[in-house]
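To keep things clear, I will list the structure first and then write my remarks on it.
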Amino acid sequence: MKPMFEGGVAVDRTVESRDPEVTAKAKRRRFTGAYKLRILREADALLETGGVGEMLRREGLYSSHLSTRRRERQRGELDALDLIRDVMLASASIPVAFPPQIFEVEVDGERYDEMHVDGGVTRQSFLFSFGLDDKALAERLGAKGQTTAYIIRNSRLKPKWQSVNNSIIEISGRSISSLIRTQGIGDLFSEYLGARANDFDYNLAFIPGSFNAVSNEMFDREYMNTLYQLGYDMASKGYPWKKRPPGVDAQ
């Protein structure tokens, strides 16, 4: 994992040419798992009545696409690996910085494209966020013993002093960063209460206040490597997991 992490972050630097004499490079189409399954279901339904060719032309596909997707479906890949990839990409789609991931859904017989972005827009941790009955789930899965929750927050909990000029851009940037930080802290307390209510073993990790490195851009490789090394060193010595959010007294 370490060599892969230190290898850097891949960034799409595709540039569209405005020169009419230069032909724009075609972009490869990317299909979500949900889209592939929908196309297969539609093709299967048209096998007896005909119309597969028309459907392929409408979607801009070839018969080879169907053959490939059928093999993937037979191996159980469409509803597993592709879905995981789509969800992982959506979870990393930071608004403005990256484009949203499109999921095709069907509601009352109508197809829609849903745009999904980083879940941090609403919450930064989702352990007890959707009314899931964790005890019932554990019983259904046959899980024995107490459940252990490990919550890793990639941020400091205390604000760092920063000089801000009296300008809309700088004030907005500082306000948004403060909003994200305080929202994340609120989520930690919410998950702690959920852990106590469901008898989970709560374990929390976050960037210590002693870490003073500064990131100079969104994906600063030097900063990221320094932070990774700190986490690696702390973990190798036996990480001191916090059993409750800061400010909560032991009871």
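What the table shows:
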{"quantity": "Scan of the range 123-167 for residues that are among the small types (G, A, S), exposed (fewer than 10 other Cβ atoms within 10 Å of the Cβ) and on the phi < 0 side of the Ramachandran plot, ordered by number", "calculated": "A136, S163, S167"}
{"quantity": "When residues of the range 88-135 are limited to those that are without any contact (Cβ under 8 Å) to a residue 12 or more places away in the chain and not in a loop (DSSP other than H, G, I, E, B), the one nearest to F219 (Cα to Cα)", "calculated": "M88"}
{"quantity": "Breaking point among (1) at pLDDT below 80; (2) within 30 Å of G173 (Cβ to Cβ); (3) polar (S, T, N, Q); (4) surrounded by 14 or more Cβ atoms within 10 Å (Cβ to Cβ), for T32", "calculated": "(2)"}
{"quantity": "Subset of the range 169-216 [among the hydroxyl-bearing types (S, T, Y) and buried (at least 18 other Cβ atoms within 10 Å of the Cβ)]", "calculated": "Y192, Y202"}
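The values are calculated or read from the model by the stated rules, or taken from the named source; none is laboratory data. As the structure is a prediction and not an experimental result, all values here were calculated from the model. Because the Cβ atoms are built from the backbone with ideal geometry, glycine has one as well, and the counts that use them run over all protein chains shown.
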